[in-house]
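Notes to accompany the following structure.
The values are calculated or read from the model by the stated rules, or taken from the named source; none is laboratory data. This is a predicted model, so every value here is computed, not measured. As a convention, Cβ positions derive from the backbone with ideal geometry for all residues, glycine included, and neighbour counts pool all protein chains shown. The area values use the complete protein model at the heavy-atom level, side chains included, leaving out ligands, DNA and RNA. Shrake-Rupley method; radii C 1.70, N 1.55, O 1.52, S 1.80 Å.
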Amino acid sequence: IAGITQAPTSQILAAGRRMTLRCTQDMRHNAMYWYRQDLGLGLRLIHYSNTAGTTGKGEVPDGYSVSRANTDDFPLTLASAVPSQTSVYFCASSPTVEGPEAFFGQGTRLTVV
Amino acid sequence: GDSVTQMEGPVTLSEEAFLTINCTYTATGYPSLFWYVQYPGEGLQLLLKATKADDKGSNKGFEATYRKETTSFHLEKGSVQVSDSAVYFCALTYTGGFKTIFGAGTRLFVKA
């Protein structure tokens with residue numbers, strides 16, 4: 001089934017540890033995104049990528065990094081996790097930057113203790 | 001800046017009741033408007049969309065009309081079902097731009 005796969009589905013992480021959230025899509029979409037979802041705040045964009053090899057900062061990029069080595073994969077790395085990064089993280093993609101409809105993964109629930 | 005405001009939840013309805021979830025927006029240009037739905041434990045799914053003023057998006061019995069004069073995109077359904085229980089997000093984005101702005105979400109509970 002075509003779509004977006006995120007891993008892990010949930011994780012408890014000690015503060016200060018490094019963590020990479022994985023995201024893979026098989027729809028050959030050019031644009032990919034990482035959002036975090038927090039109660040009462042909706043979804044906020046962390047980083048995005050217009051196409052393989054390019055990335056950009058969203059609304060809340062501090063403490064996160066991304067890479068886009070190929071079309072399909074868009075990992076999100078927390079270099080040194082802090083409790084305020086406890087959230088649900090969603091990866092999404094769209095066919096092009098202009099194609100506004102986004103397709104979402106099922107999310108990764110991350111708890112930093 | 002651009003923003004999306006949704007009515008606060010949770011909204012609790014009995015089965016077959018009429019649903020309205022209000023959404024208003026502020027935008028500097030002419031965005032496309034969306035409603036996404038998030039079922040428990042899942043990611044967001046596109047429910048419906050409208051790309052220009054006076055367009056009506058519809059899907060699965062849900063409807064929303066793009067009202068430029070009132071900057072609104074209210075979600076309606078004539079008769080809700082228990083299976084409609086979810087969180088609903090209103091969103092806007094611009095063609096030519098990558099950034100989608102989401103509202104905070106409205107949780108809907110439908111009782112049998």
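The rows are residues; the columns are (1) crowded, with 20+ Cβ neighbours inside 10 Å; (2) without any contact (Cβ under 8 Å) to a residue 12 or more places away in the chain; (3) within 15 Å of the chain's Cα centre (by Cα).
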residue	(1), (2), (3)
A:MET27	no, no, no
A:ARG36	yes, no, yes
A:LEU41	no, yes, no
A:HIS47	yes, no, yes
A:GLY53	no, no, no
A:GLY56	no, yes, yes
A:VAL82	no, no, no
A:THR108	yes, no, yes
A:VAL113	no, no, no
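Remark: A:VAL88 falls outside the filter, which requires a residue to be of a type in the set (A, V, I, L, M), open to solvent by 30 Å² or more (accessible area, probe 1.4 Å) and at negative phi. Can you pull out every residue in segment A:92-108 that is modelled with pLDDT under 95, of a type outside the set (Gly, Ala, Ser) and assigned to a strand (DSSP E or B)? Matches in segment A:92-108: A:PHE103, A:PHE104. When B:VAL82, B:VAL37, B:VAL11 are checked against the criterion of being open to solvent by less than 10 Å² (accessible area, probe 1.4 Å) and either aliphatic (A, V, I, L, M) or out of contact with any Leu (no Cβ under 8 Å at 6 or more places or on another chain) (or both), B:VAL37 stands alone in meeting it.
Selection of segment B:44-59 for residues being touching a residue at least 12 places away in the same chain (Cβ under 8 Å) and within 13 Å of the chain's Cα centre (by Cα) yields B:LEU44, B:LEU46, B:LEU47, B:LEU48, B:LYS49, B:ALA50, B:GLY57, B:ASN59. Any residue in segment A:72-88 that is within 14 Å of chain B (Cβ to nearest Cβ), under 17 Å from B:LYS99 (Cα atoms), assigned to a strand (DSSP E or B) and modelled with pLDDT of 90 or more? Within segment A:72-88 (the criterion being within 14 Å of chain B (Cβ to nearest Cβ), under 17 Å from B:LYS99 (Cα atoms), assigned to a strand (DSSP E or B) and modelled with pLDDT of 90 or more), the answer is no, since none of the residues qualifies. When restricted to residues that are in contact with a Ser or Thr (Cβ under 9 Å, 6 or more places away or on another chain), of a type in the set (Val, Ile, Thr) and at pLDDT below 95, segment B:6-48 contains 1. Please verify whether A:THR9 is among the hydroxyl-bearing types (Ser, Thr, Tyr) and touching an Asp or Glu at 6+ places or on another chain (Cβ under 8 Å), treating the condition exactly as stated. Judged against the criteria, A:THR9 is not a match. Scanning segment A:15-68 for residues that are away from chain B (no Cβ under 13 Å) and in a strand (DSSP E or B) gives A:MET19, A:THR20, A:LEU21, A:ARG22, A:THR24, A:TYR64, A:SER65, A:VAL66.
Within segment B:45-71, take every residue that is within 13 Å of chain A (Cβ to nearest Cβ) and open to solvent by 80 Å² or more (accessible area, probe 1.4 Å) and give me the one that is nearest to B:TYR88 (Cα to Cα). Per the stated criteria, the residue is B:LYS49. Checked against the criterion of being open to solvent by less than 50 Å² (accessible area, probe 1.4 Å) and farther than 22 Å from B:PRO40 by Cβ, segment A:1-12 contains not a single residue that satisfies it. Of everything in segment B:14-31 that is among the hydrophobic types (A, V, I, L, M, F, W, C) and in a loop (DSSP other than H, G, I, E, B), the residue that is most open to solvent (accessible area, probe 1.4 Å) is B:PHE18.
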